[in-house]
Amino acid sequence: MNNNILLLTPSSNELPDVNNLKAQLKEIDFIAEPFQFDSKEHFKPGEELMFHLTFLGCSPVVSLGEPGKTGKEFCHIEFYGPFDEKQFISGKNVKPLRCPVCGHRETNWQPIIEAWKRDRTLWHCPSCENDISLEQLRWNKSAGFGRFFIKVWGIFENEAVPSDKLLATLKASTESKWDYFYYRGDAF
């Protein structure tokens, strides 16, 4: 089964105070009460969730169901991490990476990621000859790096983006800009 997830992650390498972050997200009613799902703590969406995500297109779909009653594809929030080192997350929807300098399109990206996981190597662009950090590469919002993530389950790729208010709340709570991307694939 494919899970559809919007992931948010701080741009900096600093880890957020997770309890403070949860309190801030409860205060703006992005998250509601916690519940157990697949043996992990998740949160029901708050009453204002739909105001903190900007939905795109003419007919976005968001299931606000209940675990065990409406299947696994329903909107809920999970905090994932923190991790000692940056993690790379990508699903079945990952797009070929692009060089931020020359725009070179690289479709054989898996060996590049495997090398990065082993020794955090830079990527050498075969077109412009620049050595570039994988975090600087353009993944078209289909993959990302981070030490901590907020997973908003049940959001399909490109159907919703975080609102300016949500991003401002995250930034104020963590003193870091936040990025986002989409995941489609098996649960992780």
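Points worth noting:
- Whichever residue in region 28-43 is closer than 21 Å to residue 185 by Cα and surrounded by 14 or more Cβ atoms within 10 Å (Cβ to Cβ) and, among such residues, is modelled with the lowest pLDDT: 37
- Answer from 56, 6, 25 - the residue that is touching a strand residue (DSSP E or B) at 6+ places or on another chain (Cβ under 7 Å) and at pLDDT below 90: 56
- Hits in region 106-130 - residues which are modelled with pLDDT under 95 and of a type in the set (Asp, Glu): 106, 114, 119
- Flag if residue 156 is within 21 Å of residue 16 (Cα to Cα) and touching a residue at least 40 places away in the same chain (Cβ under 8 Å): no
- Selection of region 23-58 for residues being among the small types (Gly, Ala, Ser) and either touching a residue at least 12 places away in the same chain (Cβ under 8 Å) or not in a helix (DSSP H, G or I) (or both) yields 32, 39, 46, 57.
The values are calculated or read from the model by the stated rules, or taken from the named source; none is laboratory data. As the structure is a computational prediction, the values presented were derived from the model and not from experiment. For neighbour counting, all protein chains shown are included, and Cβ atoms are generated from backbone atoms with ideal geometry for every residue, glycine included.
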